[in-house]
Amino acid sequence: MRAAAERRAAKAASRCEVTRGEVDLDAYAQVDGVWRELGLAAPARRALIDDGYYKLSDLRKTSLDAIKDLHGMGPNAIRIITSAMKKADLSFRK
């Protein structure tokens, strides 16, 4: 019983805005369609949208390293994005 109470307290004290319910996920749903179609996970989609990248062509403005540094970008998201960029004949800024 004590462990469950500690987990609830830890969740309440979480630094993650999504876990605390402070993020309006419906607002993301209105603009993340392109990223959802690519198969990106929600944290990666939110990271891209928070930085102002709403479509694949927006990524031409930045470097791959800058995208890798975004919180929420994992190796799978990077693989999906680079593959989609190649298919669309787009490239990151060097």
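Bear in mind that the values in this text are calculations on the coordinates, not laboratory data. Source: prediction; values computed, not measured. Positions of Cβ are backbone-derived with ideal geometry, glycine not excepted, and every protein chain shown enters the neighbour counts.
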Estimated distance in nm for a label pair at residue 54 and residue 86, the labels positioned 7 Å out from Cα along Cα-to-Cβ:
2.9 nm
Compute the distance in nm between two label points, each set 7 Å from the Cα along the Cα-to-Cβ direction, one at residue 2 and one at residue 65.
4.9 nm
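What shape does the stretch 23-94 have by the C-alpha gyration tensor, where a ≥ b ≥ c are the square roots of the eigenvalues, rounded means a/c under 1.5, and otherwise prolate means a/b greater than b/c and oblate the rest?
Details: a/c = 1.65, a/b = 1.49, b/c = 1.11.
Judged from the Cα gyration tensor, the stretch 23-94 comes out prolate (a/c at least 1.5, a/b above b/c).
What ranking, highest mean first, results for peptides 51-57, 3-9 when packing means the other Cβ atoms within 10 Å averaged over each residue? List each step's numbers first, then the result.
Values: 51-57: 14.1, 3-9: 9.1.
Ranked by mean Cβ neighbours within 10 Å, highest first: 51-57, 3-9.
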